[in-house]
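Structure record follows, encoded as structure tokens.
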DNA sequence: CTGAAAGCGCTTACAG
DNA sequence: CTGAAAGCGCTTACAG
């Protein structure tokens with residue numbers, strides 16, 4: 001019984017229940033048109049035998065793999081961890097499984113790696129995280145293979161390709177407004193890398209908020225960054241040792257904001273008394289550092305759940321039914337998380 | 001050509017190469033006994049058609065799924081992220097794929113969730129991370145299903161079940177020795193949760209090092225913790241507001257050490273001048289906080305690679321060949337990472 | 001060194 | 001509401 005490989009098959013269930021395997025299949029797939037008593041009888045046997053349909057057989061016969069792929073680049077990023085968590089849970093609820101693949105955005109054999117995964121596994125859908133979701137090569141490979149995709153926070157929406165995001169522009173505007181409302185006027189901004197879409201969006205929100213207060217972004221207070229701790233620290237070092245120090249710094253992600261905290265600390269500046277600092281992401285570390293960081297929380301797990309649903313439902317749905325393009329692009333609500341790294345000046 | 005589902009099959013390759021499908025299969029599986037010219041011809045067609053065998057068909061016919069499962073509990077833990085990274089890379093190199101599943105260690109339907117995954121996917125092997133690798137229910141479910149497992153840093157080795165770990169006792173001893181060599185004598189210790197095996201091992205190493213210096217662990221300087229930031233902060237608060245403050249704190253993981261840093265900061269204590277702090281894990285945050293944390297690095301990615309290899313090679317190997325029990329339990333080398341949170345007193 | 005046949009465990013048309 | 005047949009795309013014995 002418990003030996004490897006000797007598991008019950010659909011034939012065993014059918015025999016035991018006194019029906020054909022087709023009927024067992026119907027019950028298992030929740031197909032309509034099965035008498036309730038028949039259904040109950042089958043289910044009882046399924047339970048007794050602890051029968052579970054074998055995925056490889058279903059996949060081979062039915063053309064669906066019940067596998068969702070998650071493609072990501074930086075495994076240490078808090079964003080990816082939350083995406084994965086949300087996605088595995090929703091997959092389990094829907095009877096799917098999550099296969100993960102870590103890819104380098106600039107790997108020479110990127111195309112091949114994707115082809116290999118797609119052709120071997122035939123996942124029913126693929127979730128792409130930044131910056132892979134903005135990589136034309138990746139998108140082309142997936143499109144050609146016919147694999148349905150959902151893009152998480154892509155740079156720009158692509159017609160016909162579903163996406164889930166928050167409104168980065170608005171969120172950045174809001175957190176800038178928070179600083180402005182605290183009386184800050186000399187607000188520095190540390191940008192993200194130009195190959196990540198969120199970078200431009202967050203800067204845009206920052207600039208918009210300033211202009212609404214009749215302020216212009218000061219070029220001397222704008223520094224480039226690359227979403228890493230070190231780049232944030234270095235940018236902050238420049239900003240804080242300049243002639244006219246800013247009273248607040250908006251680092252466009254949390255990792256860089258942590259770098260700002262470290263630089264301030266080293267320069268003997270007290271946060272938030274001498275300097276207010278805000279980040280973006282609400283990473284795990286944001287709540288753990290001292291002082292805890294004011295930031296923007298993306299509902300990443302919820303975004304991932306939504307992505308899985310779009311893939312699975314879209315797979316089930318009547319393909320002929322036209323989908324409203326607007327329904328393909330979801331924008332979920334973000335949340336301002338005000339902690340102790342900001343203070344009125 | 002590029003439409004979904006119209007991919008080439010082994011029959012197409014065989015026809016094009018002028019051989020039987022069996023020969024194509026032999027070439028693809030690196031089976032011996034194929035003439036070189038035949039092999040080359042087949043490979044050429046495979047390349048031209050961009051043929052990849054379909055996993056579900058291989059799995060159904062051959063009984064191997066080319067899937068490795070990763071079971072984990074806390075997705076935010078740095079440990080899990082590194083395990084996953086190391087495992088996906090090695091899987092790809094070996095032609096396997098990684099399926100991830102997040103489980104609650106105390107979920108009432110844990111058994112069912114595992115059964116579902118195992119019966120549906122039939123993974124060729126499973127990697128278990130703490131605390132799941134110490135959960136008898138999990139181990140029993142997997143044993144009964146006949147799924148080969150590798151335990152990552154389990155509490156204790158189980159005969160016949162491969163494991164990979166570092167020597168927690170030794171590592172804790174070494175980092176304690178570092179503090180002792182810096183002149184610290186009043187060293188506090190914050191324990192991990194009792195359901196995680198590393199907790200006891202690290203404490204043992206700590207106590208052993210003290211005793212080697214003719215010191216006895218002082219009960220007043222030993223605090224319980226749960227491997228979380230908050231528990232470390234609270235434990236440190238008690239330790240540091242006591243009558244006789246310790247001059248150093250050994251938090252048995254990094255998350256708790258970050259809590260110690262926060263507590264010290266709040267109490268106006270300068271680390272490392274007033275207090276030395278060490279952690280364990282070398283989490284991503286350990287290098288990012290101020291001051292950067294002295295800690296122990298586990299070669300987690302390497303451990304994960306080794307785990308994948310044991311699973312894949314073990315699967316291939318001649319089952320009749322007896323495996324030396326000692327070869328089943330790998331102990332990889334850790335590394336002391338000395339940063340700025342420690343100073344001589 | 002190579003191949004024809006059977007079969008893995010399901011689902012998809014197609015009947016009734 | 002239910003079933004018998006065919007087939008998904010491979011690998012495993014078994015021959016030669």
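A short reminder: the numbers here are calculations on the coordinates, not readings from a lab. Just so it is clear, the structure is predicted and the values come from calculations on it, not from any experiment. Note that we place each Cβ from the backbone using ideal geometry, even for glycine, and neighbour counts take in every protein chain shown.
Structure data summary
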read-out: Listed residues B:25, B:145, B:102, most fluctuating in chain B (Gaussian network, C-alpha, under 10 Å); value: B:25
read-out: DSSP-defined beta bridges in the protein assembly as shown - what % are antiparallel, rounded to 5; value: 15
read-out: Relative packing of B:83-91, A:57-65, which averages over residues the other C-beta atoms within 10 Å, highest first; value: B:83-91, A:57-65
read-out: Cα gyration tensor shape of the stretch A:77-230, rounded if a/c is under 1.5, else prolate or oblate by comparing a/b with b/c; value: prolate
read-out: Choice from B:46, B:164, B:100 showing the highest fluctuation, given a GNM over chain B with Cα pairs closer than 10 Å; value: B:46
read-out: For residue B:37, label point 7 Å along C-beta direction: distances to other copies, nm; value: 7.0
read-out: Bridge type composition, the stretch A:168-298 - antiparallel percent by DSSP, nearest 5; value: 0
read-out: Approximate spin-label separation residue B:144-residue A:167, in nm, with each point projected 7 Å along Cα-to-Cβ; value: 5.2
read-out: Per-residue mean of C-beta atoms belonging to partner chains within 10 Å, peptide B:285-293; value: 5
read-out: Copy-to-copy label separations for residue B:105, where each label sits 7 Å from Cα toward Cβ, in nm and ascending; value: 3.6
read-out: Position residue A:18, label points 7 Å along Cα→Cβ, spacing to each other copy in nm (shortest first, one decimal); value: 6.0
read-out: Degrees between helix B:254-266 axis and first principal axis of chain B (Cα, 0 to 90, nearest 10); value: 30
read-out: Computed [θ] at 222 nm, deg cm²/dmol, the protein assembly as shown (DSSP H ≥ 4; -39,500 (n - 2.57); rounded to nearest 500); value: -13500 deg cm²/dmol
read-out: Projected area, mean over directions - chain A, Cα convex hull, nm²; value: 21.8
read-out: Principal axis box of the stretch A:168-298, alpha-carbon based, largest edge first, Å; value: 33, 31, 25
read-out: The stretch A:74-141 - Kirkwood radius from inverse mean 1/r over Cα pairs (Å); value: 13.0
read-out: Neighbouring partner chain Cβ atoms per residue of B:259-268, average, 10 Å criterion; value: 2
read-out: Listed residues A:241, A:283, A:231, most fluctuating in chain A (Gaussian network, C-alpha, under 10 Å); value: A:241
read-out: P(r) tail fraction, the protein assembly as shown - alpha-carbon pairs more than 45 Å apart, %; value: 29
read-out: The stretch B:168-297, relative contact order [Cα under 8 Å, separation at least 6], %; value: 24
read-out: Within chain B, percent of DSSP bridges classed antiparallel, to nearest 5; value: 10
